[in-house]
Amino acid sequence: QSMSQRQIRADFTRDTIVVYQAYSDAIARPALAAQTFVAPFSMHRMTWIKPSFLWLMSRSNWGSKRGQERTLAVRITRAGWERALGEGVLTAYEPSVHRNFDQWERDFSLAKVHVQWDPERTLRGKKTELDSIQVGVSRHWIREFVETWVVEVRDLTATVEKIRRL
């Protein structure tokens, strides 16, 4: 894939970037109140963060999938985001990036951050020629994500519901 197909398109400032996540009400409500993730959010499993709103809408079927009814815009620090990218290992072997398959397999098995590229989506969910990034923050870094990266949590659920109805 050409580099022009893989770009991080995001809502960002010099110091922060917005990523999107979909959760159940049981997780979203306390996160909104605390302005970070708290119980029952799990500190023991990977969480995927996506700068592409439309990719998340495709994944959550516009907030209609069970357990993904609430859409959150999570503003995190650019320092955290860039650290994650720097430590990330691609979820698929790519000869132009990895020395060899065995080395990629070892790196991936030890990775604390996973990086995956998926087709960007249109408003109606159709795949485009562009790829969007999603980053999996593992249980090894989840506490740092929650305690130091998260700057703001906004609820986009009503907007998502309105767009879905339209």
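For the stretch 5-21, the candidate set comprises residues that are under 15 Å from the mean Cα position of the chain (by Cα) and among the charged types (D, E, K, R); within that set, the residue that is modelled with the highest pLDDT is ASP11. Inside the stretch 24-36, can you point out the residues that are among the hydroxyl-bearing types (Ser, Thr, Tyr) and surrounded by 21 or more Cβ atoms within 10 Å (Cβ to Cβ)? Result: no residue meets the conditions. Tell me whether the stretch 111-119 contains one or more residues that are in a strand (DSSP E or B), acidic (Asp, Glu) and at pLDDT below 95. The answer is yes; a qualifying residue exists.
Suppose the filter is of a type in the set (Gly, Ala, Ser), more than 18 Å from the chain's Cα centre (by Cα) and loosely packed, with under 12 Cβ neighbours inside 10 Å; does ALA39 pass it? Let's see the steps before the verdict.
Numbers: of a type in the set (Gly, Ala, Ser): yes; more than 18 Å from the chain's Cα centre (by Cα): yes; loosely packed, with under 12 Cβ neighbours inside 10 Å: yes.
Spelling it out, ALA39 is indeed of a type in the set (Gly, Ala, Ser), more than 18 Å from the chain's Cα centre (by Cα) and loosely packed, with under 12 Cβ neighbours inside 10 Å.
Please enumerate the residues belonging to the stretch 1-43 that are among the basic types (Lys, Arg) and outside any loop (DSSP other than H, G, I, E, B).
Of the stretch 1-43, the ones among the basic types (Lys, Arg) are 6, 9, 14, 29.
Selection gives ARG6, ARG29.
Considering each residue of the stretch 91-100 in turn, at least one proves to be in contact with a His (Cβ under 8 Å, 6 or more places away or on another chain) and either at pLDDT 95 or above or open to solvent by less than 40 Å² (accessible area, probe 1.4 Å) (or both).
As a summary of the residue check, ARG70 satisfies the conditions (1) open to solvent by 50 Å² or more (accessible area, probe 1.4 Å); (2) over 15 Å from ALA10 (Cβ atoms); (3) of a type in the set (D, E, K, R) except for the one numbered (1). Hey, does the stretch 48-59 have a residue that's surrounded by fewer than 17 Cβ atoms within 10 Å (Cβ to Cβ), at pLDDT 95 or above and not in a strand (DSSP E or B)? Among the residues of the stretch 48-59, not one is surrounded by fewer than 17 Cβ atoms within 10 Å (Cβ to Cβ), at pLDDT 95 or above and not in a strand (DSSP E or B), which makes the answer no.
On inspection, ARG124 does not qualify as out of contact with any Leu (no Cβ under 9 Å at 6 or more places or on another chain), of a type outside the set (Val, Ile, Thr) and either in contact (Cβ under 8 Å) with a residue 60 or more places away in the chain or in a strand (DSSP E or B) (or both). Take the conditions (1) without any contact (Cβ under 8 Å) to a residue 40 or more places away in the chain; (2) part of a strand (DSSP E or B); (3) basic (Lys, Arg); ARG83 misses just one of them, which is (2). Here SER64 meets the list (1) open to solvent by 30 Å² or more (accessible area, probe 1.4 Å); (2) farther than 23 Å from PHE145 by Cβ; (3) outside any loop (DSSP other than H, G, I, E, B) almost entirely, failing just condition (3). Restricting attention to the stretch 102-116, which residues are surrounded by fewer than 18 Cβ atoms within 10 Å (Cβ to Cβ) and either of a type in the set (S, T, N, Q) or in contact (Cβ under 8 Å) with a residue 60 or more places away in the chain (or both)? Correct list: GLN103, SER109, GLN116.
The values are calculated or read from the model by the stated rules, or taken from the named source; none is laboratory data. Small disclaimer: the values here were computed from a predicted structure and weren't measured. For neighbour counting, all protein chains shown are included, and Cβ atoms are generated from backbone atoms with ideal geometry for every residue, glycine included. Note: accessible area is taken over every heavy atom of the protein model, side chains too, but ligands, DNA and RNA are not part of it. Shrake-Rupley method; radii C 1.70, N 1.55, O 1.52, S 1.80 Å.
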